[in-house]
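One structure below.
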Amino acid sequence: MKKHFFSSFIVIVLLFGCQQTTEKKIKIGSIQQLSVQMAKYGKTHVAAVRAMLDLINEERKSKSLPQIELIVDDDQLKPAVGVNIIQKFIDIDGVVAVIGAQGSSVTLAIAPIAEEKEVVLISGASGSPQISDAGDYIFRTCPSDIYEGRTMGEYYEKRFKGEPLAIIYINNDYGIGLRDAFLNALSDRPSKVLDLAYAQGAVDFRNQLTKIKQDNIKVVYLVGYNEMVSIYKQAKELGLTCQWLGNNQLNDQSLIDKMGTTADGTIFPGHDFELDKIKVSYPRFYYRYLKLSNGVELDVFAAYGVDAFIVINYALMQGAQTGTEIKDILYETTSFEGLIGNFSFDENGDALRNLGLYEIKNSKIVKYLVSPDK
Amino acid sequence: MLQFFANGLIAGSVYALIALGFALIYSTVRFFHFAHGAMYTTGAYLAFTFFILCEIPFILSVGIAIFLTALLGMGIGICVYEPMRRRGASSFVLLIASLGLFILLQNLISLIFGDDVKTIRRGAVQEGYHFLDIRITNIQIIIIIASLILFIITTLVLKHTKIGKALRAVANDYELAIAAGINTPKVVNFTYFMGSALAAIAAILISLDLHMTPMMGFNAILYGIIAMIIGGLGNILGAYFGGLFLGLSQHLGVVFISSKWQDAIAFSLLIIFLLFRPQGFFGKRIERAQI
């Protein structure tokens, strides 16, 4: 009797142990900005990826594939913090891939570690041109700033060639990258170019705007984040009228709503991001996303984040188990179906995307022109 | 050029209020109360809560926000600094405590309200009034006038009220004030109350004109400190003029250099004054200073 009990006990323990083994999870890390300036985008990103993760895990469970676990951490837009996080993700948590970061400065800081450890890193929001050269394991699902800046530069040249120009930009990798890409797209520099940088966290832009008004500048290229709300407001109060050229941060209706009509007439590059289309095409995803985001609508960067997750899952479903295998599949695949349409990666790991021009009319984003061939 | 002068006057008026409140507190407690920056942010967000979220009439919302912020400032003095001081904490220890409080309150506001840009201004944005080649909005005019009125009120309180005279006595010599029978804890509580109220008013004014974020207190307190040093450490009213001088210097300075160096102008002024005139414009030359 005792022998039977003991044998049964051993069998049960072994069965339980085997069950634990088949429940091993695949871990993916996510380094996002969940506090400070752009936290809103980090939070919607995490909600969107988690919503898609739920659906994908249901599919994986039906095929008896291991579940994916998403580990999220906040880089606070600080490169040093991002570095600590990715080291922990890779060395302690054993992630197979990392999604992130948002800020280019953080992505550039963590890229060498991902490259060294041969772990795929995919950003859904970092646009700095330097990321294209950050390594073979470094990808992004959003367009490079070079393309965005070049698109606006080409538009300026087509419509306003030679007219005095001002560039107001945030003094960081993002702002400087876009400024440079814009100016490099011009075949001839205009006779007057006012270079007006502002520090991160600035709230008073009256001096920059006063200089523009004083010099009678009629075309202004604006590169910033949330503070653009104040820039437009202060421009209106100062009686400044000009043609505004914007950046892709304007591809966010909730930001435009805060501006009222002060940003009307702005032309900016958009991502062919059609929220209504996503809601119709992916109803289950969107329903879950709204619950996780407490009702905040999806923005384009959250959608890019989901695309990053989709391509990693695709590689895993193809049998990839290591970072190198994931990387190879990402480069070899000619078309991924993402939330924002089909895309692939070029030899630098940059997503090849369509970029259209949009305009703000009566506080709403409307299509302006479809971009010419890339 | 006139527009830059107007821009500087507007900014300087806000710095002056922050510096006035900061200097009031410093004059009696003799340490840098960094949490003053958190009082600034709290004032703005309380006004936002009552006016925008609770839809309480504007004047009432602002009044309640100022009063609660002043109470909070006084509460910090009574519940945090005073017990530490009684246990013999040095000025440096109190400074560290105030820095901790500043970060804690700032993060609390960020947690509750989120980090995105907010405003307590309602209605469509209008072009400013136009005269003498200057554009200025009604809010900006109110900022300049309100700042001046509060400066006058503070001057009158300090010179002609019992509590004001007691405050000046404590600021002059703390130990002698005790010996003279002045209720120094009451005076110190009053300065925390009044100083925090001034910070809240400055924040509400700036939030009506620009926007607010949980991080807004950091720059505010830095400029407040610089303005106080320019005006003269220990000279409460001098801090007001230090604020005006700082605002005008920053904004007139960018006429000649790139706007990205605007903050650098402020810190350059700080270094210049510390090196060549550490007593500021109106302060007395001092043998030793502590932060």
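A few points about this structure:
- Condition met for residue B:28 (at pLDDT 95 or above and either within 20 Å of residue B:237 (Cβ to Cβ) or in a helix (DSSP H, G or I) (or both)): no
- Restricting attention to segment A:360-374, the residues that are assigned to a loop (DSSP other than H, G, I, E, B) and at pLDDT 85 or above total 2.
- Test result for residue A:130, within 18 Å of residue A:176 (Cα to Cα), assigned to a helix (DSSP H, G or I) and under 17 Å from the mean Cα position of the chain (by Cα): yes
So that you can scan it fast, the table gives a plain yes or no per residue for (1) under 12 Å from the mean Cα position of the chain (by Cα); (2) touching a residue at least 40 places away in the same chain (Cβ under 8 Å):
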site: B:24; (1), (2): yes, yes
site: B:37; (1), (2): yes, yes
site: B:41; (1), (2): yes, yes
site: B:54; (1), (2): no, no
site: B:63; (1), (2): no, no
site: B:72; (1), (2): no, yes
site: B:75; (1), (2): no, no
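- When the criteria are applied in full, residue A:245 meets the requirement of being crowded, with 20+ Cβ neighbours inside 10 Å, more than 19 Å from residue B:212 (Cα to Cα) and in contact with a Phe, Trp or Tyr (Cβ under 7 Å, 6 or more places away or on another chain).
- Residue list for segment B:239-277, restricted to those being surrounded by fewer than 23 Cβ atoms within 10 Å (Cβ to Cβ) and small (Gly, Ala, Ser): B:249, B:253, B:258, B:264, B:266, B:268
- Out of A:135, A:162, sole residue that is outside any strand (DSSP E or B), on the phi > 0 side of the Ramachandran plot, touching a residue at least 24 places away in the same chain (Cβ under 8 Å) and in the same structural domain as residue A:106 (by TED's automatic domain parsing): A:135
- Which listed residue, of B:47, B:23, is farther than 22 Å from residue B:174 by Cα, buried (at least 24 other Cβ atoms within 10 Å of the Cβ) and not aromatic (Phe, Trp, Tyr): B:47
- Picking from residues in segment A:192-212 that are touching a Ser or Thr at 6+ places or on another chain (Cβ under 9 Å) and in a helix (DSSP H, G or I), the one that is farthest from the other protein chains (Cβ to nearest Cβ) is A:211.
- Residue B:225 more than 10 Å from chain A (Cβ to nearest Cβ), free of Cβ contacts under 8 Å to residues at least 24 places away in the same chain and not aromatic (Phe, Trp, Tyr): no
- Taking the conditions (1) of a type in the set (Phe, Trp, Tyr); (2) in a helix (DSSP H, G or I); (3) surrounded by 23 or more Cβ atoms within 10 Å (Cβ to Cβ) in turn, residue A:155 satisfies each one other than (3).
- The conditions of being modelled with pLDDT of 90 or more and farther than 23 Å from residue B:26 by Cβ are met by residue B:207.
- Just one of (1) more than 9 Å from every other protein chain (Cβ to nearest Cβ); (2) more than 27 Å from residue A:78 (Cβ to Cβ); (3) not β-branched (Val, Ile, Thr) fails for residue A:172. It is (2).
- A search for C-beta distances below 7 Å between a residue of segment A:337-359 that is in a loop (DSSP other than H, G, I, E, B) and any residue that is polar (S, T, N, Q), counting only pairs 6+ apart in sequence or on different chains, returns A:348/A:132; A:354/A:371; A:355/A:151; A:355/A:371.
- Residue identified as touching a Leu at 6+ places or on another chain (Cβ under 8 Å), in contact (Cβ under 8 Å) with a residue 40 or more places away in the chain, assigned by TED's automatic domain parsing to the domain that holds residue A:30 and over 30 Å from residue A:228 (Cβ atoms) among A:311, A:306: A:311
- Odd one out for residue B:11, checked against (1) crowded, with 24+ Cβ neighbours inside 10 Å; (2) of a type in the set (A, V, I, L, M, F, W, C); (3) away from every other protein chain (no Cβ under 14 Å): (3)
- Every residue from segment A:253-283 that is within 12 Å of another protein chain (Cβ to nearest Cβ), under 11 Å from residue A:360 (Cα atoms) and not hydroxyl-bearing (Ser, Thr, Tyr): A:257, A:259, A:260, A:263, A:264
Listed here are the residues, each with its yes/no results for (1) at pLDDT below 95; (2) buried (at least 16 other Cβ atoms within 10 Å of the Cβ).
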site: A:64; (1), (2): yes, no
site: A:70; (1), (2): no, yes
site: A:88; (1), (2): no, no
site: A:98; (1), (2): no, yes
site: A:106; (1), (2): yes, yes
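The values are calculated or read from the model by the stated rules, or taken from the named source; none is laboratory data. Here the structure is a predicted model, which is why all the values come from computation and not from measurement. Cβ: placed from backbone, ideal geometry, glycine included. Neighbour counts: every protein chain shown.
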